[in-house]
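Heads up: the structure comes next, in structure tokens.
The values are calculated or read from the model by the stated rules, or taken from the named source; none is laboratory data. As the structure is a prediction and not an experimental result, all values here were calculated from the model. Cβ: placed from backbone, ideal geometry, glycine included. Neighbour counts: every protein chain shown. We work out accessible area using only protein heavy atoms, side chains counted, and drop any ligands, DNA or RNA first. Shrake-Rupley method; radii C 1.70, N 1.55, O 1.52, S 1.80 Å.
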Amino acid sequence: MSVSDKLAEHIIKGKIDEVQALVQSTLDDNMSPEEVLAGLMGGMEVVGKRFADEDMYIPEVMLSARTMHAALELLRPLLEKDQKKMKMKGRLLLGTVEGDIHDIGKSLVEMMFTANGFEVIDIGINVSAAAFVEAVKEHQPDIVGMSALLTNTMPAMQQAVAAIDEAGLRKNGMPKIIVGGAPVTEEFAKEIGADLYGENALEGVEMVKNAIA
Ligand code: B1M
């Protein structure tokens, strides 16, 4: 079994200690953090499929999610290591929208933006439209990022974008609003008045860099 397959298997089985030990040893063996991440993501993909097929249930999926977070924490310092040398590129305010508690994708977005020289203010999960508005007022971000993983929380994303506009907080095209998450599409992003859509965390970074260059 390849190292990537073993990493994936630990995620699927929710083996926190084992995944941390394997991540550490593969990094010590000079496997790149990006390759390790790809192995871990492979595991989450299988979890998603098994969850959909009712071959895995919520408690097991939660354990896989906790295992993924534990593994990501080991990658964080490596992915973010050059960040201090960079000139700050902008401030991102980030949250998962109301009704939605999925946060692994958001954590990756947070890590990738931080690694690319952005200051990230993560306002968490289940963030209401009003809370986005308050946070925009407080933190004056250059970019607002919203994540949604459920089809039925996509309207909350639309409400949050509308609330920011209604409060008069998006003037002269700033802050840019970027949305993402498994059910979100570029078409939906346009439809709800978001400026940008990121299919994955890295694409999100590239979109934002191009938009605020
Ligand atoms: Co949930 N869940 N879940 N779940 N869960 C999904 C999303 C689902 C697709 C599973 C399935 O049925 N196949 C399904 C949604 C169906 C739908 O609406 N279309 C689903 C469901 C139904 C539910 C519940 C309703 C189940 C229930 O209670 N009956 C419930 C809802 C809870 C709630 O939010 N109110 C629920 C609960 C949970 C757990 C708590 C058990 C757990 C979450 C734990 C946690 O996050 N801490 C969980 C998990 C883990 C999943 C799956 C298996 C994995 C999600 C994940 O972390 N993926 C998921 C299946 C799937 O997605 N295939 C599923 C890995 C992560 C890296 O990917 O978040 O997509 P993702 O992020 C990607 C991109 O989307 C993008 O970048 C990342 C990659 O770089 N991205 C952005 C994300 N946000 C972005 C923002 C950006 C840019 C890019 O800019 C700002």
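Things worth noting here:
- From Lys6, Lys49, residue being more than 11 Å from the ligand (Cβ to nearest atom) and either outside any helix (DSSP H, G or I) or among the basic types (Lys, Arg) (or both): Lys6
- Residue within region 23-38 that is under 23 Å from Ile125 (Cβ atoms), assigned to a helix (DSSP H, G or I) and near the ligand (Cβ under 10 Å from one of its atoms) present: yes
- The condition of being modelled with pLDDT under 95, closer than 30 Å to Met62 by Cβ and assigned by TED's automatic domain parsing to the domain that holds Glu206 holds for only one of Leu94, Leu150, Leu108, that being Leu108.
- Residue that is farthest from the ligand (Cβ to nearest atom) [pool: residues in region 97-148 that are open to solvent by 30 Å² or more (accessible area, probe 1.4 Å), under 19 Å from Asp195 (Cα atoms) and part of a loop (DSSP other than H, G, I, E, B)]: Gln140
- Selection over region 59-79 of residues that are buried (at least 17 other Cβ atoms within 10 Å of the Cβ), more than 8 Å from the ligand (Cβ to nearest atom) and not aliphatic (A, V, I, L, M) gives a count of 1.
- Per the listing Ser25, Ser107, the residue uniquely of a type in the set (S, T, N, Q), free of Cβ contacts under 8 Å to residues at least 60 places away in the same chain and over 30 Å from Ala162 (Cα atoms) is Ser25.
- Number of residues in region 160-183 that are of a type in the set (A, V, I, L, M), within 16 Å of the ligand (Cβ to nearest atom) and either buried (at least 23 other Cβ atoms within 10 Å of the Cβ) or in a helix (DSSP H, G or I) (or both) equals 6.
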